[in-house]
Amino acid sequence: MSNEMIYITAGVVLFFALGVKIVRPTQRALIERLGKYRSFANPGFHWIIPFIDKMYMVNVTEQMVDAQAQEIITNDNLNASVDAQVYFRVISDEDSVKASQYNVNKYEWQIVNLARTTLRNIIGTLTLKSANSERGKINSELHRTLLEETRTWGIDIIRTELKQIDPPSDVQETMNKVVKAENEKIAAIDYATARETVADGEKRARIKEAEGSKQAQILKAEGEAEAIKMVNEAAEEYFIGNAQVLRKLEAVEKAMSDNTKFVVPAGSDLVNVISEMAGIVPLKNKTS
């Protein structure tokens, strides 16, 4: 084979190799010929005419762009540092891929700027406190706005996420003190409630103890009264005649053992009994 044939063969092989293009499953491609759209390329092997055709690869997987932290003045005149992330993807059909390349210039950069502008508009109408408490609402509003503004770009805004809404350092410090004070207040209330519960329990226990003691004393008194009643009834029924006198003597004996002084009326049965027990015969009164 002559050198000329070798050169020609090598040139043909090189020319063919330059036109070989492989589209991955995560991509779609647009083929242009001399600057004019020619065809759409799905994943797989493709060959284009070198130097005549040009292929533009487009990623159709989910992507994320950071809206970058920015200072936003809230409705209560505080500077809040706000950052967000936007998740999106280029829709994989031919019209959407073409729109992402021909309807917008650098859609990633455009999404970032649109997100930053939208956040300023939304948070600028809110106070710092409401902005922090309404993150879900801000996310929803940001997502809705981006969907509406990018509907001709051939992309789908999947979701948006606020990374931070941070106040200035001095405001943050004050807020931390307020939160700490509030937590301490709640803890103090809980402790006071617990102590009140304990005290109430102790009070109820003392009341029940007093009621039990009272009831015991009542029962004791009732028992003693019943015993006295039974003794009186027995005395009335069985202690008659000398038996009654004997009972009286027992009472006198007990009183004397305690050195108790008492007066016995003259002529009573008790005097006669005592005299008889002592061997003393009472004297008869002299007649005048």
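The label point for Asp66 and the one for Lys137, both projected 7 Å from the Cα toward the Cβ, are 2.9 nm apart. What does the charge add up to near Lys21, with Lys and Arg as +1, Asp and Glu as -1, over the other residues with Cβ less than 14 Å from its Cβ? That sum, taken over residues with Cβ under 14 Å, equals +3. The residues packed around Ala131, meaning those with a beta-carbon under 11 Å from its beta-carbon, carry a net charge of 0 if Lys and Arg are +1 and Asp and Glu are -1. Across all directions, the average flat footprint of the convex hull enclosing the Cα atoms of region 1-118 is 10.5 nm². When region 94-159 is described by a simple charge dipole with +1 on each Lys and Arg Cβ and -1 on each Asp and Glu Cβ, the residue from Leu114, Thr125, Val104 located farthest towards its positive end is Thr125. Seen from Arg159, the other residues with C-beta closer than 12 Å to its C-beta sum to a net charge of -1, counting Lys and Arg as +1 and Asp and Glu as -1. Fully extending the segment from Leu78 to Glu108, taken as 0.36 nm per residue of separation minus the present Cα-Cα distance, adds 7.8 nm. Rounded to 0.05, the FRET efficiency of the Val20 and Arg89 pair, given R0 = 41 Å and the Cβ-Cβ distance, is 0.90.
Taken one residue at a time, the phi angles of region 105-114 give Karplus couplings (6.51, -1.76, 1.60, θ = phi - 60°) of 9, 6, 4, 4, 5, 5, 5, 4, 5, 5 Hz. Gly and Pro are set to x. Here the calculated FRET efficiency for Arg38 and Val13, from their Cβ-Cβ distance with R0 = 25 Å, stands at 0.55, rounded to the nearest 0.05.
Throughout, read-outs are computed from the coordinates displayed, never taken from laboratory work. Predicted model only: the values in this text are computed from it and were never measured. Virtual Cβ from ideal backbone geometry, glycine too; neighbours counted across all protein chains shown.
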